[in-house]
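K.L.:
Can you read through this structure? Questions will come right after.
The values are calculated or read from the model by the stated rules, or taken from the named source; none is laboratory data. None of the values given here were measured: they were computed from a predicted structure. With ideal geometry, Cβ positions are generated from the backbone for all residues, glycine too; neighbour counts draw on all protein chains shown.
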Amino acid sequence: MKVGILTGGGDCPGLNAVIRAVVKKGLANGYTLVGIKDGWKGLIENRSVPLTSKEVSGILPRGGTILGTSRTNPLKSEEDTKKAIDNVKAMGLDVIVAIGGDDTLGVAARFFEMGINTVGVPKTIDNDLSGTDVTFGFDTAVGIVTEALDRLHSTTEAHHRIMVVEVMGRHAGWIAVHSGIAGGADMILIPEKPFDVNDVIKVVDKRRAEGKNFSIIVTAEGAYPKEAGMITMDKERDAFGNVRLGGVGEHLAEELEKRTGLETRFVVLGHLQRGGTPTAYDRVLATRYGLKAVDLIEEGNFGKMVALRGNDIIAVCLDEATKKTRTVDDEFYKLAEVFFG
(Lines give C-alpha, C1' and ligand atoms only; values in the text may rest on other atoms or scores of the structure.)
Protein backbone atom coordinates (compact mmCIF):
# COMPACT_ATOMS: atom_id res chain seq x y z
CA MET A 1 0.00 0.00 0.00
CA LYS A 2 1.45 3.37 -1.04
CA VAL A 3 -0.10 6.37 0.68
CA GLY A 4 0.27 10.01 -0.33
CA ILE A 5 -0.27 12.76 2.26
CA LEU A 6 -0.96 16.39 1.46
CA THR A 7 -1.87 19.54 3.37
CA GLY A 8 -3.96 22.17 1.58
CA GLY A 9 -5.43 25.61 2.23
CA GLY A 10 -4.34 27.83 5.10
CA ASP A 11 -1.77 26.35 7.46
CA CYS A 12 -2.45 25.87 11.16
CA PRO A 13 -0.87 24.29 14.24
CA GLY A 14 -1.42 20.53 14.33
CA LEU A 15 -0.80 19.67 10.69
CA ASN A 16 2.55 18.11 11.49
CA ALA A 17 0.97 16.06 14.28
CA VAL A 18 -1.40 14.48 11.74
CA ILE A 19 1.43 13.77 9.30
CA ARG A 20 3.47 12.17 12.08
CA ALA A 21 0.58 9.96 13.21
CA VAL A 22 -0.22 8.76 9.68
CA VAL A 23 3.43 7.99 8.98
CA LYS A 24 4.10 6.18 12.25
CA LYS A 25 1.01 3.97 12.08
CA GLY A 26 1.35 3.54 8.32
CA LEU A 27 4.91 2.29 8.68
CA ALA A 28 3.78 -0.11 11.40
CA ASN A 29 1.22 -1.46 8.90
CA GLY A 30 3.89 -1.94 6.24
CA TYR A 31 2.84 0.99 4.04
CA THR A 32 5.09 3.15 1.89
CA LEU A 33 4.39 6.83 2.57
CA VAL A 34 5.13 9.93 0.52
CA GLY A 35 4.41 13.58 1.14
CA ILE A 36 2.87 15.56 -1.73
CA LYS A 37 4.41 19.03 -1.68
CA ASP A 38 2.32 22.21 -1.42
CA GLY A 39 -1.13 20.67 -1.41
CA TRP A 40 -2.94 19.85 -4.66
CA LYS A 41 -0.38 21.96 -6.51
CA GLY A 42 2.25 19.30 -5.83
CA LEU A 43 -0.02 16.63 -7.27
CA ILE A 44 -0.48 18.64 -10.46
CA GLU A 45 3.29 19.18 -10.71
CA ASN A 46 4.27 15.64 -9.63
CA ARG A 47 6.34 16.80 -6.63
CA SER A 48 6.66 14.52 -3.63
CA VAL A 49 9.11 13.41 -0.95
CA PRO A 50 9.47 10.10 0.90
CA LEU A 51 8.21 10.06 4.48
CA THR A 52 9.92 7.81 6.99
CA SER A 53 10.48 7.94 10.74
CA LYS A 54 13.40 10.30 10.14
CA GLU A 55 11.28 12.92 8.36
CA VAL A 56 8.64 13.02 11.11
CA SER A 57 11.01 12.93 14.07
CA GLY A 58 10.60 16.02 16.25
CA ILE A 59 7.76 17.62 14.25
CA LEU A 60 4.95 17.13 16.81
CA PRO A 61 5.32 20.58 18.46
CA ARG A 62 6.02 22.45 15.23
CA GLY A 63 3.46 24.76 13.67
CA GLY A 64 2.91 25.02 9.92
CA THR A 65 3.47 21.95 7.78
CA ILE A 66 6.66 20.21 6.67
CA LEU A 67 4.98 19.48 3.34
CA GLY A 68 4.06 23.06 2.49
CA THR A 69 0.59 24.14 1.41
CA SER A 70 -1.25 26.15 -1.23
CA ARG A 71 -4.77 27.16 -2.23
CA THR A 72 -4.42 25.55 -5.66
CA ASN A 73 -7.62 24.02 -7.04
CA PRO A 74 -6.87 21.10 -9.41
CA LEU A 75 -10.50 21.10 -10.54
CA LYS A 76 -10.35 24.64 -11.87
CA SER A 77 -9.30 23.46 -15.33
CA GLU A 78 -9.59 20.18 -17.21
CA GLU A 79 -5.85 20.27 -17.88
CA ASP A 80 -4.94 20.48 -14.18
CA THR A 81 -7.47 17.79 -13.29
CA LYS A 82 -5.97 15.44 -15.87
CA LYS A 83 -2.42 16.16 -14.66
CA ALA A 84 -3.41 15.43 -11.07
CA ILE A 85 -5.12 12.16 -11.95
CA ASP A 86 -2.23 11.08 -14.18
CA ASN A 87 0.27 11.84 -11.41
CA VAL A 88 -1.64 9.70 -8.92
CA LYS A 89 -0.86 6.83 -11.28
CA ALA A 90 2.69 8.04 -11.95
CA MET A 91 3.44 8.13 -8.22
CA GLY A 92 1.84 4.74 -7.77
CA LEU A 93 -0.50 5.99 -5.06
CA ASP A 94 -3.19 3.68 -3.71
CA VAL A 95 -4.79 6.40 -1.58
CA ILE A 96 -4.40 10.10 -0.76
CA VAL A 97 -4.82 11.43 2.77
CA ALA A 98 -5.95 15.04 2.31
CA ILE A 99 -5.64 17.30 5.35
CA GLY A 100 -7.53 20.56 5.00
CA GLY A 101 -10.70 22.57 5.22
CA ASP A 102 -13.82 22.60 3.09
CA ASP A 103 -12.02 23.57 -0.14
CA THR A 104 -9.29 20.93 0.16
CA LEU A 105 -11.72 18.24 1.28
CA GLY A 106 -14.22 19.25 -1.39
CA VAL A 107 -11.56 18.37 -3.98
CA ALA A 108 -10.92 15.08 -2.18
CA ALA A 109 -14.64 14.29 -2.40
CA ARG A 110 -14.70 14.99 -6.14
CA PHE A 111 -11.59 12.91 -6.78
CA PHE A 112 -13.18 10.01 -4.91
CA GLU A 113 -16.15 10.25 -7.28
CA MET A 114 -13.63 10.04 -10.14
CA GLY A 115 -12.24 6.77 -8.82
CA ILE A 116 -9.31 7.95 -6.72
CA ASN A 117 -9.18 6.62 -3.16
CA THR A 118 -9.15 9.50 -0.68
CA VAL A 119 -9.42 9.95 3.09
CA GLY A 120 -9.95 13.38 4.63
CA VAL A 121 -8.74 14.95 7.87
CA PRO A 122 -10.53 18.16 8.98
CA LYS A 123 -8.29 21.16 9.51
CA THR A 124 -9.37 24.78 9.94
CA ILE A 125 -8.88 27.30 12.69
CA ASP A 126 -12.37 28.61 11.85
CA ASN A 127 -13.96 25.39 13.19
CA ASP A 128 -16.62 25.64 10.47
CA LEU A 129 -16.77 22.11 9.00
CA SER A 130 -20.22 20.63 9.50
CA GLY A 131 -19.09 17.01 9.68
CA THR A 132 -17.17 17.30 12.94
CA ASP A 133 -17.66 18.85 16.38
CA VAL A 134 -14.16 20.32 16.40
CA THR A 135 -11.35 20.83 13.90
CA PHE A 136 -7.75 20.84 15.07
CA GLY A 137 -6.07 24.25 15.01
CA PHE A 138 -9.14 25.94 16.50
CA ASP A 139 -8.09 25.52 20.14
CA THR A 140 -4.65 26.98 19.43
CA ALA A 141 -6.10 29.97 17.57
CA VAL A 142 -8.55 30.72 20.40
CA GLY A 143 -5.71 30.58 22.91
CA ILE A 144 -3.62 33.03 20.88
CA VAL A 145 -6.50 35.50 20.57
CA THR A 146 -7.37 35.18 24.25
CA GLU A 147 -3.79 35.98 25.25
CA ALA A 148 -3.86 39.01 22.94
CA LEU A 149 -7.09 40.23 24.55
CA ASP A 150 -5.55 39.83 28.01
CA ARG A 151 -2.66 42.03 26.92
CA LEU A 152 -4.87 44.60 25.20
CA HIS A 153 -7.02 45.06 28.30
CA SER A 154 -4.30 46.84 30.25
CA THR A 155 -3.26 49.28 27.52
CA THR A 156 -6.86 49.97 26.48
CA GLU A 157 -7.91 50.73 30.05
CA ALA A 158 -4.84 52.89 30.70
CA HIS A 159 -5.65 55.16 27.74
CA HIS A 160 -9.46 55.12 28.20
CA ARG A 161 -9.88 53.93 24.62
CA ILE A 162 -12.16 51.79 22.55
CA MET A 163 -10.22 48.88 21.07
CA VAL A 164 -11.54 46.91 18.09
CA VAL A 165 -9.86 43.53 17.64
CA GLU A 166 -10.33 41.82 14.26
CA VAL A 167 -9.89 38.03 14.26
CA MET A 168 -10.26 35.35 11.59
CA GLY A 169 -13.64 33.88 10.71
CA ARG A 170 -14.88 34.16 7.13
CA HIS A 171 -18.41 32.79 7.42
CA ALA A 172 -18.42 31.53 11.01
CA GLY A 173 -17.66 33.42 14.21
CA TRP A 174 -16.39 30.57 16.40
CA ILE A 175 -12.99 32.14 17.10
CA ALA A 176 -14.55 35.51 17.91
CA VAL A 177 -17.16 34.02 20.26
CA HIS A 178 -14.86 31.62 22.13
CA SER A 179 -11.96 34.05 22.51
CA GLY A 180 -14.31 36.93 23.25
CA ILE A 181 -15.91 35.05 26.13
CA ALA A 182 -12.55 33.80 27.41
CA GLY A 183 -10.91 37.22 27.04
CA GLY A 184 -13.71 39.27 28.56
CA ALA A 185 -14.70 41.21 25.43
CA ASP A 186 -17.42 43.83 25.90
CA MET A 187 -19.05 43.00 22.58
CA ILE A 188 -18.59 40.28 19.94
CA LEU A 189 -19.49 40.68 16.27
CA ILE A 190 -19.83 37.64 13.99
CA PRO A 191 -20.78 36.95 10.34
CA GLU A 192 -23.94 35.12 11.39
CA LYS A 193 -25.44 38.34 12.81
CA PRO A 194 -25.03 41.55 10.78
CA PHE A 195 -24.58 44.40 13.24
CA ASP A 196 -25.85 47.95 13.61
CA VAL A 197 -23.15 50.44 14.60
CA ASN A 198 -25.75 52.19 16.78
CA ASP A 199 -26.04 49.03 18.89
CA VAL A 200 -22.28 48.98 19.39
CA ILE A 201 -22.36 52.62 20.47
CA LYS A 202 -25.13 51.85 22.98
CA VAL A 203 -22.89 49.25 24.65
CA VAL A 204 -20.00 51.73 24.82
CA ASP A 205 -22.26 54.49 26.23
CA LYS A 206 -23.78 52.12 28.80
CA ARG A 207 -20.33 51.13 30.02
CA ARG A 208 -19.20 54.75 30.33
CA ALA A 209 -22.36 55.62 32.26
CA GLU A 210 -21.37 52.87 34.72
CA GLY A 211 -17.90 54.37 35.11
CA LYS A 212 -16.15 51.96 32.72
CA ASN A 213 -14.12 54.27 30.52
CA PHE A 214 -12.81 51.70 28.04
CA SER A 215 -14.30 48.99 25.82
CA ILE A 216 -12.94 46.03 23.87
CA ILE A 217 -14.88 44.83 20.84
CA VAL A 218 -13.98 41.58 19.09
CA THR A 219 -15.08 41.22 15.48
CA ALA A 220 -14.67 38.32 13.09
CA GLU A 221 -13.23 39.37 9.72
CA GLY A 222 -16.47 38.25 8.05
CA ALA A 223 -18.74 40.29 10.31
CA TYR A 224 -20.36 43.23 8.57
CA PRO A 225 -22.57 46.25 9.27
CA LYS A 226 -26.16 45.99 8.04
CA GLU A 227 -25.87 49.20 6.08
CA ALA A 228 -22.57 48.43 4.32
CA GLY A 229 -22.46 44.70 3.59
CA MET A 230 -19.36 42.51 3.70
CA ILE A 231 -16.06 44.39 3.73
CA THR A 232 -13.23 43.00 1.59
CA MET A 233 -9.57 43.86 0.99
CA ASP A 234 -9.98 43.78 -2.80
CA LYS A 235 -12.10 42.29 -5.59
CA GLU A 236 -9.77 39.38 -6.37
CA ARG A 237 -10.78 35.80 -5.66
CA ASP A 238 -8.65 32.76 -4.98
CA ALA A 239 -8.76 29.47 -6.93
CA PHE A 240 -11.84 28.40 -4.96
CA GLY A 241 -13.72 31.67 -5.52
CA ASN A 242 -13.12 33.13 -2.06
CA VAL A 243 -12.68 36.88 -1.70
CA ARG A 244 -9.96 38.26 0.56
CA LEU A 245 -11.67 39.55 3.69
CA GLY A 246 -10.35 42.18 6.05
CA GLY A 247 -11.00 45.78 6.97
CA VAL A 248 -14.08 45.53 9.18
CA GLY A 249 -11.98 46.34 12.26
CA GLU A 250 -10.64 49.54 10.72
CA HIS A 251 -14.06 50.49 9.34
CA LEU A 252 -15.74 50.03 12.72
CA ALA A 253 -12.99 51.89 14.60
CA GLU A 254 -13.32 54.89 12.28
CA GLU A 255 -17.10 54.92 12.66
CA LEU A 256 -16.96 54.68 16.45
CA GLU A 257 -14.41 57.48 16.82
CA LYS A 258 -16.32 59.72 14.42
CA ARG A 259 -19.69 59.15 16.06
CA THR A 260 -18.66 59.02 19.73
CA GLY A 261 -15.67 61.35 19.78
CA LEU A 262 -13.78 58.72 21.80
CA GLU A 263 -10.25 57.70 20.92
CA THR A 264 -10.52 54.36 19.11
CA ARG A 265 -7.86 51.95 17.90
CA PHE A 266 -8.02 48.70 15.96
CA VAL A 267 -5.80 45.61 15.92
CA VAL A 268 -5.83 42.94 13.20
CA LEU A 269 -4.38 39.72 14.60
CA GLY A 270 -4.31 38.09 11.18
CA HIS A 271 -1.87 35.26 10.61
CA LEU A 272 -0.63 35.35 14.20
CA GLN A 273 -3.63 33.09 14.84
CA ARG A 274 -2.22 30.47 12.47
CA GLY A 275 1.33 30.41 13.77
CA GLY A 276 3.27 28.87 16.60
CA THR A 277 3.18 25.58 18.42
CA PRO A 278 -0.13 23.70 18.78
CA THR A 279 -1.78 23.36 22.17
CA ALA A 280 -1.79 20.00 23.90
CA TYR A 281 -5.46 19.60 22.95
CA ASP A 282 -4.75 20.14 19.25
CA ARG A 283 -1.74 17.80 19.32
CA VAL A 284 -3.86 15.01 20.79
CA LEU A 285 -6.84 15.64 18.49
CA ALA A 286 -4.64 15.82 15.39
CA THR A 287 -2.88 12.61 16.42
CA ARG A 288 -6.20 10.80 16.95
CA TYR A 289 -7.36 11.99 13.52
CA GLY A 290 -4.18 10.74 11.86
CA LEU A 291 -4.41 7.32 13.48
CA LYS A 292 -8.08 6.97 12.51
CA ALA A 293 -7.23 7.91 8.92
CA VAL A 294 -4.89 4.92 8.75
CA ASP A 295 -7.63 2.70 10.21
CA LEU A 296 -9.91 3.76 7.34
CA ILE A 297 -7.19 2.93 4.82
CA GLU A 298 -6.69 -0.48 6.41
CA GLU A 299 -10.44 -1.11 6.18
CA GLY A 300 -10.64 0.13 2.59
CA ASN A 301 -13.18 2.68 3.80
CA PHE A 302 -12.42 5.47 1.33
CA GLY A 303 -14.31 8.66 0.48
CA LYS A 304 -14.60 9.41 4.18
CA MET A 305 -13.41 12.10 6.58
CA VAL A 306 -12.42 11.42 10.16
CA ALA A 307 -14.45 13.44 12.64
CA LEU A 308 -14.95 14.07 16.34
CA ARG A 309 -18.44 13.40 17.68
CA GLY A 310 -18.62 13.79 21.43
CA ASN A 311 -15.40 12.10 22.48
CA ASP A 312 -15.41 9.50 19.69
CA ILE A 313 -13.45 9.63 16.44
CA ILE A 314 -15.72 8.39 13.67
CA ALA A 315 -15.90 8.42 9.87
CA VAL A 316 -18.34 10.54 7.84
CA CYS A 317 -18.77 10.82 4.08
CA LEU A 318 -16.63 13.55 2.53
CA ASP A 319 -19.57 15.04 0.67
CA GLU A 320 -21.57 15.25 3.92
CA ALA A 321 -18.64 16.82 5.75
CA THR A 322 -18.24 19.63 3.21
CA LYS A 323 -21.80 20.34 2.07
CA LYS A 324 -22.45 23.25 4.43
CA THR A 325 -20.71 25.63 6.80
CA ARG A 326 -20.97 25.00 10.54
CA THR A 327 -21.97 28.34 12.01
CA VAL A 328 -22.46 29.72 15.52
CA ASP A 329 -25.94 28.91 16.74
CA ASP A 330 -28.24 31.36 18.53
CA GLU A 331 -28.05 29.54 21.85
CA PHE A 332 -24.27 29.83 22.04
CA TYR A 333 -24.29 33.47 20.96
CA LYS A 334 -26.88 34.34 23.60
CA LEU A 335 -24.45 32.98 26.15
CA ALA A 336 -21.93 35.58 24.97
CA GLU A 337 -24.54 38.36 24.94
CA VAL A 338 -25.01 38.03 28.70
CA PHE A 339 -21.69 39.84 29.13
CA PHE A 340 -22.10 42.59 26.51
CA GLY A 341 -21.63 45.83 28.35
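K.L.:
Report yes if R151 is of a type outside the set (S, T, N, Q), more than 14 Å from the chain's Cα centre (by Cα) and at negative phi, otherwise no.
P.N.:
Answer is yes for this residue.
K.L.:
Sort out which residues of segment 265-284 are modelled with pLDDT of 95 or more, touching a Cys at 6+ places or on another chain (Cβ under 9 Å) and within 13 Å of V165 (Cα to Cα), and write them in order of number.
P.N.:
none
K.L.:
Could you please let me know if D38 is surrounded by fewer than 15 Cβ atoms within 10 Å (Cβ to Cβ), in the same structural domain as V284 (by TED's automatic domain parsing) and either within 21 Å of the chain's Cα centre (by Cα) or part of a helix (DSSP H, G or I) (or both)?
P.N.:
Taking the combined requirement at face value, the residue does not satisfy it.
K.L.:
Just to be sure before I move on: is R47 closer than 13 Å to V97 by Cα and charged (D, E, K, R) in the structure I sent?
P.N.:
Considered against the rule, which asks whether it is closer than 13 Å to V97 by Cα and charged (D, E, K, R), R47 comes out as no.
K.L.:
Here is a further query. Considering only segment 237-340, give the strands (runs of 3 or more DSSP E) lying wholly within it that have at least 2 residues that are assigned by TED's automatic domain parsing to the domain that holds Y31.
P.N.:
304-309, 312-317
K.L.:
Which residue out of R151, R208, R170 is out of contact with any helix residue (DSSP H, G or I) (no Cβ under 7 Å at 6 or more places or on another chain), modelled with pLDDT of 95 or more and basic (K, R)?
P.N.:
R151
K.L.:
So which residues in segment 2-46 are at positive phi, of a type outside the set (D, E, K, R) and out of contact with any strand residue (DSSP E or B) (no Cβ under 7 Å at 6 or more places or on another chain), if there are any at all?
P.N.:
Listed by number, the residues that qualify are G30, N46.
K.L.:
Name the single residue, out of those in segment 110-143 being of a type in the set (A, V, I, L, M) and buried (at least 22 other Cβ atoms within 10 Å of the Cβ), that is farthest from the chain's Cα centre (by Cα).
P.N.:
V119
K.L.:
Something else: Hey, can you tell me all the residues within segment 153-196 that are surrounded by fewer than 16 Cβ atoms within 10 Å (Cβ to Cβ), among the aliphatic types (A, V, I, L, M) and touching a residue at least 40 places away in the same chain (Cβ under 8 Å)?
P.N.:
Matches in segment 153-196: A182 only.
K.L.:
Here is a list of conditions, (1) more than 13 Å from T7 (Cα to Cα); (2) assigned to a helix (DSSP H, G or I); (3) in contact with a strand residue (DSSP E or B) (Cβ under 6 Å, 6 or more places away or on another chain); (4) not acidic (D, E), and L105 meets all of them except one; can you say which number that is?
P.N.:
L105 satisfies all of (1) more than 13 Å from T7 (Cα to Cα); (2) assigned to a helix (DSSP H, G or I); (3) in contact with a strand residue (DSSP E or B) (Cβ under 6 Å, 6 or more places away or on another chain); (4) not acidic (D, E) except (1).
K.L.:
Need the failing condition index for K54 against (1) assigned to a loop (DSSP other than H, G, I, E, B); (2) out of contact with any helix residue (DSSP H, G or I) (no Cβ under 9 Å at 6 or more places or on another chain), just the number.
P.N.:
With (1) assigned to a loop (DSSP other than H, G, I, E, B); (2) out of contact with any helix residue (DSSP H, G or I) (no Cβ under 9 Å at 6 or more places or on another chain) applied to K54, the lone miss is (1).
Here is a yes/no grid of residues against (1) within 20 Å of the chain's Cα centre (by Cα); (2) surrounded by fewer than 17 Cβ atoms within 10 Å (Cβ to Cβ); (3) of a type in the set (S, T, N, Q); (4) closer than 20 Å to V23 by Cβ:
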residue	(1), (2), (3), (4)
T72	yes, no, yes, no
S77	no, yes, yes, no
T81	no, no, yes, no
V97	yes, no, no, yes
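K.L.:
Let me ask something else. Could you list, in sequence order, the residues of segment 120-139 that are assigned to a loop (DSSP other than H, G, I, E, B) and of a type outside the set (V, I, T)?
P.N.:
D126, N127, D128, S130, G131, D133, G137
K.L.:
Additional query: Take the residues in segment 3-35 that are within 25 Å of E79 (Cβ to Cβ) and either aliphatic (A, V, I, L, M) or touching a Phe, Trp or Tyr at 6+ places or on another chain (Cβ under 7 Å) (or both), then tell me which one is surrounded by the most Cβ atoms within 10 Å (Cβ to Cβ).
P.N.:
Checking each candidate, the answer is G8.
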